Amino acid sequence: MSFLPKFNNRHPLQVEFKAITQRFSKPFTEEEVTAFEEWAIEMSYKAIRLSDDNNYSDAITVLGDLVNLTAYYEQYRRQIMTMILISIQYQRFGEIEEAKKYGEKSISLCYEYDCGEVLGYAYIKLGSSYGLNMEFSKAFDLLKMGIEYCLKYGSYPQAVNAHVSIASMYGICKKYDIAIEYLELALNYAKKHQVERLYFLIYNCFADYYLELGQFDKVEEYAKKTEYYLRKSEENPSLKSKRDNYNFLETKTHLWRILAITHLKNKNYAQSIEYTEKAIAVANPANNFPWDFTYKCYMIAGRTYYQWQQYQKAKETFEKAIALYLEGTEGAVHENENLGTAYIELSKTYMRLGDIEQAIACNDKAIKESEKLEAALKGRIIKRVEDSFDLGQQLKSNKVDSQQAFLRSQMNPHFIFNTISTIQSLILKKDNKKAAQYLAKFSHLMRTTLENSRYKLISLEEEIKSLKDYLHLQQMRFESSFQFTISVALSIDTHHSQIPPMLIQPFVENAILHGIKNKADGRIKLSFEQGKKVLKCTIDDNGKGITSKKMIPSKNTLHSTQIVQERLKNLGLEHNVVAKLDITNKAQYNDGEEGTCVLIHIPFFQEF
């Protein structure tokens with residue numbers, strides 16, 4: 001004998017659940033199966049609407065009761081679909097481990113109850129959970145498994161969405177060429193199986209990745225296609241499912257943001273502002289948009305007004321961005337968006353307006369934000385180290401991630417403080433032109449550095465650009481007291497060669513600050529050569545020379561050089577290559593020659 005499940009009395013749909021148990025009893029007739037399925041779908045959509053209104057707890061509770069009720073009535077397919085919905089809700093509010101747990105349980109039930117027709121969907125949603133957790137290798141395997149089952153059972157929209165998900169993961173890794181290949185597969189399946197309602201989503205992703213590649217003709221082409229199918233969806237409601245509305249709005253606003261950036265690049269300032277204003281009008285909490293999307297739109301608008309030389313509007317827009325940031329984070333530090341960057345942009349604007357006092361005040365706030373970022377990152381490192389003792393086998397990977405975060409926290413605050421102090425000095429000396437140039441280069445470098453530090457791999461081309469920006473900035477700081485060259489072997493494809501970020505810059509900084517800082521004819525030479533499964537990077541300077549013993553601290557001292565050595569060691573073990581660091585005082589081998597030579601053997605990967 002089976003008993004009716006007890007329902008949670010805390011959610012707003014409890015009356016409807018109790019009513020349904022009075023309406024139906026086991027076993028179901030064929031008509032009752034259909035009626036119950038319709039009721040369960042209606043409850044699912046009501047739960048999703050609760051989630052859309054940020055009532056996540058109620059949504060989960062409703063869906064949990066629905067899982068119990070579908071199990072009682074032996075409606076196993078609907079039970080599995082409901083568990084997948086619970087997984088999706090946990091994804092939405094960042095509880096990824098819970099999302100994975102429900103995803104894995106749904107797959108297990110698919111096999112237990114022979115529900116192959118929903119197995120593909122279960123695999124896809126579990127794969128997306130791993131993707132959100134940056135576990136891309138596992139995510140790819142699950143998504144590809146999901147695609148296989150979706151095609152087998154004719155679930156073509158889900159197969160198309162899975163290809164888009166894989167593309168987005170490659171996009172996160174900045175492997176835009178591969179992302180585009182998966183989008184082409186998604187588009188082919190969508191056309192072949194007439195999944196027209198997803199065209200606008202696919203074309204919008206094309207526009208996004210071509211924007212990242214700087215191919216603005218392609219951006220315009222795919223933006224037009226996105227706009228066409230968005231309009232078509234508005235005119236034909238049959239092209240939109242009940243759950244497409246948010247994706248529709250999200251795609252539309254994302255497209256407007258892409259077009260705003262494109263017009264800004266082309267110096268079409270009025271059109272850029274028009275699109276950012278459209279995006280900001282729609283991207284608000286009432287439409288369930290995250291605050292950071294709107295913040296990015298305000299930053300684009302502020303930069304547009306600045307380049308358009310409408311400095312008063314730029315000031316007002318940057319101030320709105322800062323206010324939104326502070327409201328959205330409630331004063332906390334956001335890892336992916338640096339408020340210090342906004343203060344730097346605002347400082348530049350105040351300088352153009354001739355308000356030197358406010359420019360200095362914004363610089364001070366940028367310094368404080370950098371200190372908050374440093375403290376937050378170090379706190380996160382401590383937590384990761386503590387967690388790693390409990391996780392055993394995950395210790396090495398957590399350690400590598402923590403080391404990368406530590407490098408980011410060391411470089412950014414220290415470098416920001418020194419640079420902004422230099423800018424303040426220039427402002428006080430009334431050398432506003434040079435201060436503005438310095439600020440422009442500095443803000444560009446900070447955006448690039450913060451972006452690159454989020455990824456485990458970036459292209460060598462991006463790494464070299466960042467190093468050039470850093471060296472140019474230091475040249476300005478030290479009044480061109482040194483020169484530098486960067487050479488790359490012809491056999492290396494910098495665009496497709498991928499390396500871990502944040503490995504080279506600390507040694508370039510050492511060469512400047514501890515080597516050639518006080519020399520009138522300082523020289524730094526960076527060179528890249530290809531070895532066996534490694535990239536050989538040489539940093540050679542003609543400074544006073546420094547011994548390996550002095551450069552490498554004791555085991556008890558956290559220092560960027562030591563951490564780079566640890567990262568190289570772990571990367572070498574992970575990829576079965578010899579990754580190492582050699583530091584040579586050139587005077588030891590060549591009488592009369594001064595300086596230090598650092599040779600880094602970096603694991604690198606090629607994507608075509």
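The values are calculated or read from the model by the stated rules, or taken from the named source; none is laboratory data. Since we're looking at a predicted model, the values are computed, not measured. Because the Cβ atoms are built from the backbone with ideal geometry, glycine has one as well, and the counts that use them run over all protein chains shown. All accessible areas refer to the heavy atoms of the entire protein, side chains included, with ligands and DNA or RNA removed. Shrake-Rupley method; radii C 1.70, N 1.55, O 1.52, S 1.80 Å.
Apart from one condition, Arg78 fits all of (1) under 29 Å from the mean Cα position of the chain (by Cα); (2) open to solvent by 20 Å² or more (accessible area, probe 1.4 Å); the exception is (1). For the range 257-297, residues that are of a type in the set (Phe, Trp, Tyr) and crowded, with 23+ Cβ neighbours inside 10 Å total 2.
Only residues that are among the hydroxyl-bearing types (Ser, Thr, Tyr) and either open to solvent by 30 Å² or more (accessible area, probe 1.4 Å) or at pLDDT below 75 (or both) were counted in the range 327-343, giving 0.
Being open to solvent by 60 Å² or more (accessible area, probe 1.4 Å) and at pLDDT below 85 is the filter here, so list the residues in the range 435-462 that pass it.
Of the residues in the range 435-462, the ones open to solvent by 60 Å² or more (accessible area, probe 1.4 Å) are 437, 441, 444, 447, 451, 454, 456, 461.
Answer for the range 435-462, where residues must be open to solvent by 60 Å² or more (accessible area, probe 1.4 Å) and at pLDDT below 85: Gln437, Lys441, His444, Arg447, Glu451, Arg454, Lys456.
Checked against (1) touching a residue at least 40 places away in the same chain (Cβ under 8 Å); (2) in contact with a Leu (Cβ under 8 Å, 6 or more places away or on another chain), Glu227 passes all but condition (1).
Every condition in (1) modelled with pLDDT of 85 or more; (2) crowded, with 16+ Cβ neighbours inside 10 Å; (3) closer than 20 Å to Val282 by Cβ is met by Tyr228 except one, and the failing one is (2). The residue list Asn236, Asn245, Asn161, Asn188 contains one member that is surrounded by fewer than 20 Cβ atoms within 10 Å (Cβ to Cβ), polar (S, T, N, Q), modelled with pLDDT of 90 or more and more than 19 Å from the chain's Cα centre (by Cα), which is Asn188.
Against the criterion of being closer than 21 Å to Leu126 by Cα, open to solvent by 30 Å² or more (accessible area, probe 1.4 Å), touching a helix residue (DSSP H, G or I) at 6+ places or on another chain (Cβ under 8 Å) and at pLDDT 90 or above, Tyr182 qualifies.
Applying the condition of being closer than 13 Å to Ala511 by Cα and of a type in the set (S, T, N, Q) to the range 582-597 and asking which residue is surrounded by the most Cβ atoms within 10 Å (Cβ to Cβ) yields Thr596.
Candidates are the residues of the range 59-75 that are in contact (Cβ under 8 Å) with a residue 60 or more places away in the chain and within 14 Å of Lys26 (Cβ to Cβ); the one that is least open to solvent (accessible area, probe 1.4 Å) is Leu69. Scanning the range 81-95 for residues that are open to solvent by 10 Å² or more (accessible area, probe 1.4 Å) and not hydroxyl-bearing (Ser, Thr, Tyr) returns Met81, Met83, Leu85, Ile88, Gln91, Arg92, Phe93, Gly94, Glu95. Of all residues in the range 451-462, those satisfying the criterion of being assigned to a helix (DSSP H, G or I) and under 13 Å from the mean Cα position of the chain (by Cα) are Glu451, Asn452.
Let's see how each residue does on (1) crowded, with 16+ Cβ neighbours inside 10 Å; (2) under 24 Å from Asp208 (Cα atoms); (3) at pLDDT 90 or above:
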| residue | (1), (2), (3) |
| --- | --- |
| Gly103 | yes, no, yes |
| Tyr113 | no, no, yes |
| Met134 | no, yes, no |
| Lys144 | no, yes, yes |
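Restricting attention to helices (runs of 4 or more DSSP H) lying wholly within the range 463-578, give those where 2 or more residues are under 30 Å from Cys173 (Cα atoms) and modelled with pLDDT of 80 or more. Even if it seems obvious, please write down each step before you answer.
On the way: elements: 505-510, 548-551, 560-575.
By residue number, 505-510, 560-575.
Residues considered: Phe28, Phe36, Phe24. Of these, the only one that is closer than 20 Å to Ser106 by Cβ and either free of Cβ contacts under 8 Å to residues at least 60 places away in the same chain or among the polar types (S, T, N, Q) (or both) is Phe36.
The helices (runs of 4 or more DSSP H) found entirely in the range 23-137 that carry 2 or more residues being more than 22 Å from Glu148 (Cα to Cα) are 30-52, 56-72, 76-92, 96-112. Of all residues in the range 39-52, those being touching a residue at least 40 places away in the same chain (Cβ under 8 Å) and open to solvent by 50 Å² or more (accessible area, probe 1.4 Å) number 1. Take the conditions (1) at pLDDT 85 or above; (2) of a type in the set (Gly, Ala, Ser); (3) in contact with a Leu (Cβ under 6 Å, 6 or more places away or on another chain); Ala279 misses just one of them, which is (3).
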